[in-house]
Amino acid sequence: MSTIYDKYKDTFERFGIAKSGNKGVFDGEWKGSGPIIKSVNPVNNEVIAEVISGNVNDLNVALDKVNEAQKIWRDLPVPKRGEVLLSMRQALVDNLEPLGKVVALEMGKILPEGIGEIQEYVDILEYALGLSRMMKGSMIPSERPGHVMLETWNPLGTVGVISAFNFPVAVYGWNSAIALVTGNGVLWKPSPTTPLVSIAVTRLLEKTLHEHKLPTSLCSLVTGGTDVGSSLAADARAHVLSFTGSTKVGRQVGQVVQGRFGKSILELGGNNAIIVMEDCDLDLAARAILFAAVGTAGQRCTTTRRLIVHENIYDTLIERLIKAYGQVKIGDPLEEGVLCGPLHTQAAVSVYEETLKKVQEQGGKILFGGETLGGNFVKPTLTRVNKDMNIIKEEAFVPILHTMTFKTLDEAIAINNNVAQGLSSSIFTKNPETIFKWIGPAGSDCGIINVNIPTNGAEIGGAFGGEKATGGGRESGSDSWKQYCRRGTCTINYSGALPLAQGINFG
Ligand code: NAD
């Protein structure tokens, strides 16, 4: 019988991935001394391929190797680093579809979204290339004659990246592109359920660094589980620890990194809402809600989980959504026309069932869906809830959209903000007063505050991340690059005298 590996053999072989014996550690050479982990296709839970993962000792060696490589890399003029990033970009462009396919096979998202994820990595490399000509410090007026004050931005050393299963490539892309252009080395600890695509990406980076005659351990990889992740968080050689994952794990990681005075960038869970005002374009809103709540089978950190609708248009909107939900094709993410693939694991199916049970126990109703469909497949679901129910305060990483009503804008904003998480939020309206209130001090308390677009699908040019239990970290665009740097305030005296600040006369 032909296996899934056999079916996509050409794709896997392109990245040197075999059915078994794949080495899951790269630190300049490929190795692995940890347990064997299995990459599973969420469509039928068939094992795609096996990987010999890393252990804490592998991590230990790899951190030293990144450190050695970084000493060479940091001395390259920044635009020269940009040239290397340009080659990395080309390697990804040449492999856009095959890499997207590995994402779809291993994570379970539909192929266009898998390819989109690689495109996001391409985009951030372009951004980093631009940054390589623009990363500038500033000159600050000095109060002392004959003195100059400068602000310098230098690399911190090694950036440890711990990533989640749901964006197995893009999150590494956002972090590594910016970490590299700012002169750091990178050590990647991917999710244990998506090892294959991390191997594939690392092979491309290895080849590119080799072509540029640079030490390939600059982009090292240690696949593995909690032991490797927690050791990386605790290790002072990871000067920056960028963690993407659940709030529960992120809370521990944040404390461990703080305990050693490392820098952390935390990208944790969301509980994102869309507010639908009476004056909005309802067609636009309905289309956006469908993508935001059903896309990636509800497994984006920015997926819309709460829908807050003005009471006068609630029935009309729900009617449209039920119709649209009924037309969503669920199935194999590699099949054309499928919009909703499976959940990543069987455990997620249990979360789906548990959540719906609690909705009903707490007095809510299921308006559409609510069924498991065998294997990891579930029906995207709409519920009717009350804004005070406990169940809607938690992030369930499945396609369940809780709907509720409001009467006034203030009430809608209060509902939006009344959860522990603060990642993404969106309002649909045509009223400028509403828009400016929403983006102002009494508006949404999230890191991402949208108007007339969904909560998901961010562009790389802006800073990405959220407040409160989402961790407060920012990645990607804007001035996020500064987090990967040590800031130096340099005062240079060229006066020949020694005037002191604040006019102090000392001796
Ligand atoms: P998870 O927290 O279970 O795992 C994330 C990573 O942490 C994995 O690589 C895992 O091996 C590692 N890990 C586990 N225990 C650890 C420990 N004690 N110390 C260090 N590392 C450890 O998350 P997941 O299920 O893979 O991903 C889903 C979650 O990620 C959701 O909550 C989602 O909202 C969040 N997420 C957030 C963003 C964002 O940018 N805010 C983006 C994607 C996903």
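If you roll a 1.4 Å probe over the heavy atoms of the protein chains, what accessible area per residue do you get for region 163-290, in Å²?
Roughly 30 Å² per residue, with all protein chains present.
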> For region 148-245, what does the alpha-carbon gyration tensor say about shape, rounded, prolate or oblate, given a ≥ b ≥ c as the root eigenvalues, a/c under 1.5 as rounded, and a/b over b/c as prolate?
Replying inline: oblate
> For region 130-198, which whole percent of the accessible surface, found with a 1.4 angstrom probe, sits on carbon and sulfur atoms?
Replying inline: 61 percent
> Using modelled backbone amide H atoms (1.01 Å from N, in-plane), which distant-in-sequence or interchain residues come within less than 5 Å of T383's amide H?
Replying inline: L367, L401, H402, T403
> Of Q252, A293, T158, whose Cα points farthest to the positive end of the dipole of the chain (charges on the beta-carbon: +1 Lys, Arg; -1 Asp, Glu; origin at the Cα centre)?
Replying inline: T158
> How many percent of DSSP beta bridges within region 352-507 run antiparallel, rounded to 5?
Replying inline: 50 percent
> Could you list log10 I(q)/I(0) for region 390-499 at q = 0.21 Å⁻¹, which the Debye formula gives when each Cα is one point scatterer?
Replying inline: -1.28
> What is the distance in Å between the Cα centres of region 192-234 and region 461-507?
Replying inline: 30 Å
>> Based on alpha-carbon atoms only, what is the radius of gyration of the chain relative to the globular estimate 2.2 N^0.38 Å?
In response: 1.03
> By the gyration tensor of its Cα atoms, with a ≥ b ≥ c the square roots of the eigenvalues, what is the shape of region 209-311: rounded for a/c under 1.5, prolate for a/b over b/c, or oblate?
Replying inline: prolate
> Mind checking the dipole of region 154-236: about its Cα centre, +1 per Lys or Arg Cβ, -1 per Asp or Glu Cβ, Debye to the nearest 20?
Replying inline: 160 debye
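Semi-axes of the equivalent ellipsoid of region 467-507: what are they in whole Å, largest first, if each equals the square root of 5 times a C-alpha gyration tensor eigenvalue?
40, 15, 7
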>> With just the Cα atoms defining each centre, how far is region 250-306 from region 137-176? Give it in Å.
In response: 25 Å
> How much accessible surface area, in Å² rounded to 10, belongs to the heavy atoms of E361 with a 1.4 Å probe?
Replying inline: 130 Å²
> Mind checking which aspartates and glutamates have their C-alpha under 18 Å from K213, skipping anything on the same chain fewer than 8 residues away?
Replying inline: D27, E29, E68, D75, E83
>> So, taking all protein chains as they sit and a 1.4 Å probe, how much accessible area belongs to E211, in Å² rounded to tens?
In response: 110 Å²
>> Compute the distance from the alpha-carbon center of region 333-398 to that of region 1-69, in whole Å.
In response: 31 Å
> D for region 252-355, whole µm²/s, Stokes-Einstein with Kirkwood Rh over alpha-carbon pairs at 4 °C and 1.567 mPa s: what number?
Replying inline: 80 µm²/s
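In debye, nearest 20: dipole of region 355-432 around its Cα centre with unit charges on the Cβ of K, R (+) and D, E (-)?
Dipole magnitude for region 355-432 comes out near 200 debye.
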> At a 1.4 Å probe, what is the % contribution of carbon and sulfur to the accessible area of region 357-454?
Replying inline: 51 percent
> Where nothing but the Cβ of Lys and Arg (+1) and of Asp and Glu (-1) is charged, how large is the charge dipole of the chain around its Cα centre, in debye to the nearest 20?
Replying inline: 960 debye
> What does the charge add up to near P333, with Lys and Arg as +1, Asp and Glu as -1, over the other residues with Cβ less than 12 Å from its Cβ?
Replying inline: -2
> 222 nm [θ] for the chain, helices only, -39500 (n - 2.57) per DSSP H run of 4+, per residue, to 500?
Replying inline: -11500 deg cm²/dmol
>> I'd like to know which of P145, A128, I110 lies farthest towards the positive end of the charge dipole of region 99-148, counting +1 on Cβ of Lys and Arg and -1 on Cβ of Asp and Glu.
In response: P145
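Pull out the extension gain between I439 and K207, defined as 0.36 nm times the separation in residues minus the alpha carbon to alpha carbon distance; nm, one decimal.
Extra length available between I439 and K207 comes to 79.1 nm.
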> What's the local net charge at G443, with K and R +1, D and E -1, over the other residues with C-beta under 14 Å away?
Replying inline: -4
>> Could you compute how much accessible surface R486 exposes when probed at 1.4 Å, giving the result in Å² to the nearest 10?
In response: 130 Å²
> Between W188 and residues 5 or more places away or on another chain, which pairs have amide H atoms under 5 Å apart, with H built 1.01 Å from N, and which residues are they?
Replying inline: V161, S220, L221, V222
>> Cα atoms only: what Rg and Dmax, in Å, come out for region 295-366?
In response: 14.4, 40
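Compute the normalised compactness of region 100-161: alpha-carbon radius of gyration over 2.2 N^0.38 Å, N being the residue count. Each step should come with its number before you reach the end.
Details: Rg = 20.5 Å, N = 62, 2.2 N^0.38 = 10.6 Å.
In units of the globular-protein estimate, region 100-161 measures up at 1.94.
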>> Given a 1.4 angstrom probe, what's the average accessible area per residue across region 314-354, in square angstrom?
In response: 52 Å²
>> Taking a ≥ b ≥ c as the square roots of the Cα gyration tensor eigenvalues, with a/c under 1.5 meaning rounded and otherwise prolate when a/b beats b/c, else oblate, which class fits region 36-140?
In response: oblate
>> Placing +1 on the Cβ of each Lys and Arg and -1 on the Cβ of each Asp and Glu in region 357-436, which of G375, H402, A420 has its Cα farthest towards the positive end of the resulting dipole?
In response: G375
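The values are calculated or read from the model by the stated rules, or taken from the named source; none is laboratory data. The structure displayed is predicted, hence computed values, not measured ones. Glycine also receives a Cβ, built like all others from the backbone with ideal geometry; neighbour counts cover every protein chain displayed. Remember, those area values only see protein heavy atoms, side chains included, never the ligands or the DNA or RNA. Shrake-Rupley method; radii C 1.70, N 1.55, O 1.52, S 1.80 Å.
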